[in-house]
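Report on the structure given below.
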Amino acid sequence: MKLGVLASVNDRSLGIADLARQVEGAGLESLFLTQNTNVPAGGDALLKEEYHHRYRQLVDPFVALGAAAAVTTRIRLGTGICVAVLYDPIILAKQVSTLDQLSAGRFVFGIGVGHEDTVQNHGVSPELRHRILREKVLAMKAIWAGGNAEFHGEFVDFAPILPGLRPRQEPHPPIFIGSHGSRGIARTVEYADGWMPIVYEDLDFGALMQELERLCQAAGRPTVPVTAGLREIDESLMERCAELGVDRCLVVFHAEDKDNFPAFLERYSRLVDRFGE
């Protein structure tokens, strides 16, 4: 099982270049960045949650990962997650291709639908998020496939376009669906390359992994890899993930807590030989 960091980086945190160098130097496999474009000022429920309160000033993950790519050579770089429903798929396909080229094929494209309150500010109807995401992923795949790509759907529609910049990885960087539960698993099996859930102690994760395997078999495809997000270094939970066949574990770190990063990294890096590939 590979080990990586899922980091939130803002204007008060450890800088992205320093963070990326240290993650690579510690022998970890990957660095993923979170995304949050906005927090509604009137969203009382959101503001009470630490996640949204702390993530108001996050850097853009594509810009930041470009900087990380420039100062590293080995670690995988990913979004965890990119709220892909907010983007024009032609533009997003170009951003993904650019980052995959800059990183020499090290990009992992973690995507999701975002919080219903935040996507509304981008003109996205919350109840349509999942359908929109599916179409945008299919449209990007058409673009990356080469040829004169075109797409005609309910939410995405464009006439044939000439081939443009393609990713380094073939046919494209792996697409992971960040989600919880059965519906997310079904979407992963239908149009993605991997599943990226947040795993916690009370979650019946074994049953979900069995469901993933069952749906993959029914679809006639190999079981897709799983990247599990953990809120903290929890060795017993990591052991459970490894036993269940998880491919990658990402531990959340708020880069704003930069004074605690050396201790976090020292403890975490000791687990590379135990769990790492």
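Condition check ((1) under 30 Å from Ala104 (Cα atoms); (2) assigned to a helix (DSSP H, G or I)) across all residues:
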position	(1), (2)
Pro173	yes, no
Arg187	yes, yes
Met209	no, yes
Glu213	no, yes
Gln217	no, yes
Met238	yes, yes
Gly245	yes, no
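Do we find that Glu127 is part of a helix (DSSP H, G or I), of a type in the set (Asp, Glu) and surrounded by fewer than 21 Cβ atoms within 10 Å (Cβ to Cβ) in this structure?
yes
With the structure loaded, tell me whether Asp100 is at pLDDT below 90, acidic (Asp, Glu) and not in a loop (DSSP other than H, G, I, E, B) or whether it fails that test.
When the stated conditions are applied, Asp100 does not pass them.
How many residues are modelled with pLDDT under 95, closer than 26 Å to Gly112 by Cβ and either over 21 Å from the mean Cα position of the chain (by Cα) or charged (D, E, K, R) (or both) when one looks only at segment 232-274?
Residues meeting the conditions: 2.
Considering only residues of segment 247-272 that are among the charged types (D, E, K, R) and assigned to a helix (DSSP H, G or I), which is surrounded by the fewest Cβ atoms within 10 Å (Cβ to Cβ)?
Within segment 247-272, the match that is surrounded by the fewest Cβ atoms within 10 Å (Cβ to Cβ) is Asp259.
Test Ile91 against the criterion of being farther than 24 Å from Gly42 by Cα, at pLDDT 95 or above and assigned to a helix (DSSP H, G or I), and give yes or no.
Judged against the criteria, Ile91 is a match.
Quick one: which residue in Glu150, Glu170, Glu154 is charged (D, E, K, R), surrounded by fewer than 16 Cβ atoms within 10 Å (Cβ to Cβ), more than 29 Å from Leu102 (Cα to Cα) and without any contact (Cβ under 8 Å) to a residue 24 or more places away in the chain?
Checking each option against the conditions leaves just Glu154.
Just for segment 56-73: of the residues that are assigned to a loop (DSSP other than H, G, I, E, B) and touching a helix residue (DSSP H, G or I) at 6+ places or on another chain (Cβ under 6 Å), which one is surrounded by the most Cβ atoms within 10 Å (Cβ to Cβ)?
Among them, the one singled out is Thr72.
The values are calculated or read from the model by the stated rules, or taken from the named source; none is laboratory data. Please read these numbers as outputs of a predicted model, since none were measured by experiment. A quick note on method: Cβ atoms are made from the backbone with ideal geometry, for glycine too, and the neighbour counts reach across all protein chains shown.
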